[in-house]
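See structure below.
Nothing in this text is a laboratory measurement; each read-out follows from the coordinates by a stated rule. The model shown is predicted, which means the values in this text are computed figures rather than measured ones. Glycine gets a Cβ as well: all are built from the backbone with ideal geometry, and neighbour counts include every protein chain shown.
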């Protein structure tokens, strides 16, 4: 939706479906009844391309031309998230989402994060209506101008990356809440991206990369060495967990809103898995993007821009944490993409793996992760780095 225009639909926060809708076993029937309740029952619906998640999206166009987005997030499709009181043992028993502190398709997580971001003056999409129980939301359509697409079309990348870094500077100077209020529902906890969550991500590499490479599983000695090498990096990441973190902050989740001013020109998407994390996390997600090349010179310039705006930050300590967490994230993403290819039959993610291996090799050259470089050299032959 263009900035300044509002869809002519009834605003309602805590949605309760009719008895007929509640009895409807069809997902499409639930969606239809939700849209009728939201005043969008006569809208034309066009499905949008999917991503790696279990959520799906559709564009809604009313007879009057108003444009909105429907989020369909079926909670039954994933394991449960964890609460703020859950210990490591209960999280491990609950499964991957609880261990990694992922929102598990919870619409209230999206709504709480959305309201927090909008209250800071950032351009998260305005939520028009939502249904926590059934996993639906209708929201503002921020339009098609993804950063990645604008850059691919020939626009200068520097403009977009400067704006994205400036937004993180502002966000990292903002007080970080313990919970995100959700109108008509309990607050959504903003949990720390802690040791177990970081370990769960890194260990995906151990579990899935050999399956993709059709190589032997890593043995007990390799796994023990892996744990010993990552433990101090995870500890620094967990100790530094202090800022609201988008967690998937990259050029395909950012939209350029030319009609807006200042930081509001950066439209934000896909932030429902937000956590309280080390300030390096969103920076490394942006500057070491799994989906597009970011030149090392641009990465260095953007880190310098961040430090110039936050002179109180210990640059050397931050860069050491950045190198370690970036390496962990590279391994995590190789594991995720391997799982998507092997388990979920999504071969298109193979196209991203050469970039991930290049990023991993570059980060492993940092002296602070020399032990990890030796581990990869010993246990992951070049022929298996597919």
* Taking Cα atoms, how many degrees apart are the long axis of helix 195-213 and the longest axis of the chain, rounded to 10 and kept between 0 and 90? -> 80 degrees
* Structure fact -> If 307, 376 are placed from fewest to most neighbouring beta carbons inside 10 Å, the sequence is 307, 376
* Asked: Which of rounded, prolate, oblate describes the stretch 261-308, given a ≥ b ≥ c as roots of the alpha-carbon gyration tensor eigenvalues and a/c under 1.5 marking rounded, otherwise prolate only if a/b is larger than b/c?
  -> rounded
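Taking 45 Å as R0, compute the FRET efficiency from the Cβ-Cβ separation of residue 153 and residue 90 and round it to 0.05.
Efficiency computed from Cβ-Cβ geometry: 0.40.
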* Asked: By how many nm would the segment from residue 346 to residue 217 lengthen if fully extended, with 0.36 nm per residue of separation less the alpha-carbon distance?
  -> 44.3 nm
* Helix-derived [θ] at 222 nm for the chain: sum -39500 (n - 2.57) over DSSP H runs of at least 4, divide by residue count, nearest 500? -> -14000 deg cm²/dmol
* Euclidean distance of C-alpha centroids, the stretch 144-219 and the stretch 26-73, integer Å -> 25 Å
* Where does helix 157-172 land angle-wise versus the long Cα axis of the chain, in degrees 0 to 90, nearest 10? -> 90 degrees
* To do: Determine, for 82, 274, the number of other Cβ atoms within 10 Å of each Cβ, and report the residues in order from fewest to most.
  => 82, 274
* Could you please rank 123, 26, 56, placing first whichever residue has the fewest other Cβ atoms within 10 Å of its Cβ? => 26, 56, 123
* Structure fact -> Mean separation of Cα contacts under 8 Å (at least 6 apart) over the residue count of the stretch 142-386, i.e. the relative contact order in percent, is 26 percent
* Spin-label point model (7 Å from Cα, Cβ direction): what's the residue 36 to residue 261 distance in nm? -> 4.5 nm
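Quick one: if the Förster radius is 56 Å, what FRET efficiency do residue 316 and residue 28 give, using the C-beta to C-beta distance and rounding to 0.05? Please report the intermediate quantities before stating the final value.
Working: r = 55 Å, r/R0 = 0.98.
FRET efficiency, residue 316 to residue 28: 0.55.
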* Structure fact -> Here the tail fraction of P(r) beyond 15 Å, over all Cα-Cα pairs of the stretch 43-114, rounds in percent to 62 percent
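Tell me the volume per residue, in Å³, of the convex hull enclosing the alpha carbons of the stretch 74-151. Working shown, then result.
Numbers: hull volume 10.8 nm³, N = 78.
Residue-normalised Cα hull volume stands at 138 Å³.
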* Structure fact -> Rounded to the nearest 10 degrees, the helix 353-364 long axis (Cα) sits at an angle to the longest Cα principal axis of the chain of 50 degrees
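Kirkwood Rh over Cα pairs of the chain into Stokes-Einstein at 4 °C, 1.567 mPa s: D in µm²/s?
Working: Rh = 21.9 Å.
Estimated via Stokes-Einstein, D reaches 59 µm²/s.
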* Asked: What's the FRET efficiency of residue 300 with residue 207 using the Cβ-Cβ distance as r and R₀ = 25 Å, to the nearest 0.05?
  -> 0.15
* To do: Just grab the label-to-label distance for residue 382 and residue 45, each label 7 Å out from Cα along the Cβ direction, in nm (one decimal).
  => 5.2 nm
